[in-house]
1. Within segment 93-108, take every residue that is of a type outside the set (K, R) and within 15 Å of K119 (Cα to Cα) and give me the one that is surrounded by the most Cβ atoms within 10 Å (Cβ to Cβ).
2. Here are K107, K154: which of them is more than 26 Å from P267 (Cβ to Cβ), assigned to a loop (DSSP other than H, G, I, E, B) and either more than 17 Å from the chain's Cα centre (by Cα) or in contact (Cβ under 8 Å) with a residue 40 or more places away in the chain (or both)?
3. Looking only at strands (runs of 3 or more DSSP E) that fall completely inside segment 182-271, which ones have 1 or more residues that are modelled with pLDDT under 95, of a type in the set (A, V, I, L, M) and closer than 20 Å to Q82 by Cβ?
4. Among L207, L252, which is over 27 Å from E159 (Cβ atoms), out of contact with any Gly (no Cβ under 6 Å at 6 or more places or on another chain) and surrounded by 12 or more Cβ atoms within 10 Å (Cβ to Cβ)?
5. Any chance segment 62-85 includes a residue that's of a type outside the set (S, T, N, Q), in contact with a Pro (Cβ under 9 Å, 6 or more places away or on another chain), in a loop (DSSP other than H, G, I, E, B) and free of Cβ contacts under 8 Å to residues at least 24 places away in the same chain?
6. Out of segment 115-139, which residues are surrounded by 13 or more Cβ atoms within 10 Å (Cβ to Cβ), among the aliphatic types (A, V, I, L, M) and assigned to a loop (DSSP other than H, G, I, E, B)?
7. Residues being under 19 Å from S212 (Cα atoms) and not acidic (D, E): count how many of those fall in segment 158-181.
8. Quick one: T235 ticks every box in (1) of a type in the set (S, T, Y); (2) out of contact with any His (no Cβ under 9 Å at 6 or more places or on another chain); (3) surrounded by 14 or more Cβ atoms within 10 Å (Cβ to Cβ) except a single one, so which number is it?
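The values are calculated or read from the model by the stated rules, or taken from the named source; none is laboratory data. If you're wondering where the values come from, they're calculated on a predicted model, not measured in any experiment. No Cβ is skipped: glycine too gets one built from the backbone with ideal geometry, and neighbour counts run over all protein chains shown.
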Amino acid sequence: MRKFVTPLTVLLVPLALGLRPSPVGAQTLSGEEIMKRSSLAEFYPGDDMKARVLMRLITKDGGERIREMTMLRKNLQEGGDQRYFIYFHRPADVREMTFLIWKSPRKDDDRWLFIPALKLVKRIAANDKRSSFVGSDFSYEDVSGRDVEEDSHKLLREEKVDGKDAFVIESVPKDPASADFGKKLSWIDKVSFIPLKEEYYDRRGDLSRVFSADEVKQVQGLWTITKRTMKNVQTGHRTEVTFQEVKYNLKLSDALFTERYLKNPPPEAVR
């Protein structure tokens with residue numbers, strides 16, 4: 001007589017043998033796939049975005065400087081080309097300075113900086129992308145993200161970060177000259193795919209910088225890092241960034257993200 005295996009039997013037999021099913025994510029996603037989804041979650045939510053950004057630069061001794069800016073971002077293609085426009089409100093020495101990024105995966109981004117005191121539009125060279133962004137612990141590359149395909153990614157393990165289940169990914173630059181780190185470890189939230197923590201190691205293997213997502217919440221149904229910190233563990237300096245008044249899907253005009261508006265951005269776009 002033919003016996004039929006019921007779905008309940010399929011579930012009970014492994015448990016009776018002391019086996020437990022592995023998380024679906026661990027079975028189906030590679031390190032590279034996880035990092036691609038993380039890049040989309042962190043840098044591509046919505047069709048476009050506008051936010052007021054408060055940046056605190058804090059020295060080892062507790063000295064503090066403030067940067068306040070408006071950030072605009074527009075996706076031209078999901079996971080592909082993007083445009084960023086940043087307008088500085090304070091302090092006085094950077095007020096009305098603007099920064100434009102044309103992000104293009106698989107090739108160097110185009111970056112321009114307008115310096116109002118000199119009335120000069122400066123093109124930022126590709127090899128400057130790892131330089132400090134306006135004196136902070138974030139680099140120019142950190143602002144718009146690094147191309148996932150520039151690194152090799154390996155899923156090391158899964159563990160909890162502040163009570164959240166996370167994938168731990170090791171990323172190593174395919175071309176060592178393309179990065180200022182020898183390797184990076186990322187803790188990626190298994191639900192939102194937002195990076196909860198990142199550790200950057202220099203080429204000698206010493207820990208150099210640590211990124212943390214201090215507050216993550218949904219804005220218009222989209223996961224958003226509203227507070228983040230980057231700390232240089234070798235100098236003790238850190239930068240804390242808060243995103244305020246975050247809004248998505250505003251139908252921002254393509255014209256905003258052109259060199260023409262670096263010198264005279266529309267007031268309604270940056271206030």
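1. T98
2. The unique qualifying residue is K107.
3. Filter on segment 182-271 gives an empty set.
4. L252
5. Within segment 62-85 (the criterion being of a type outside the set (S, T, N, Q), in contact with a Pro (Cβ under 9 Å, 6 or more places away or on another chain), in a loop (DSSP other than H, G, I, E, B) and free of Cβ contacts under 8 Å to residues at least 24 places away in the same chain), the answer is no, since none of the residues qualifies.
6. V134 - this is the single residue of segment 115-139 that is surrounded by 13 or more Cβ atoms within 10 Å (Cβ to Cβ), among the aliphatic types (A, V, I, L, M) and assigned to a loop (DSSP other than H, G, I, E, B).
7. Going residue by residue through segment 158-181, those that are under 19 Å from S212 (Cα atoms) are 158-171, 180-181.
Going one step further and asking which of them are not acidic (D, E), we end up with 160-161, 163-164, 166-169, 171, 181.
Final tally of qualifying residues: 10.
8. (3)
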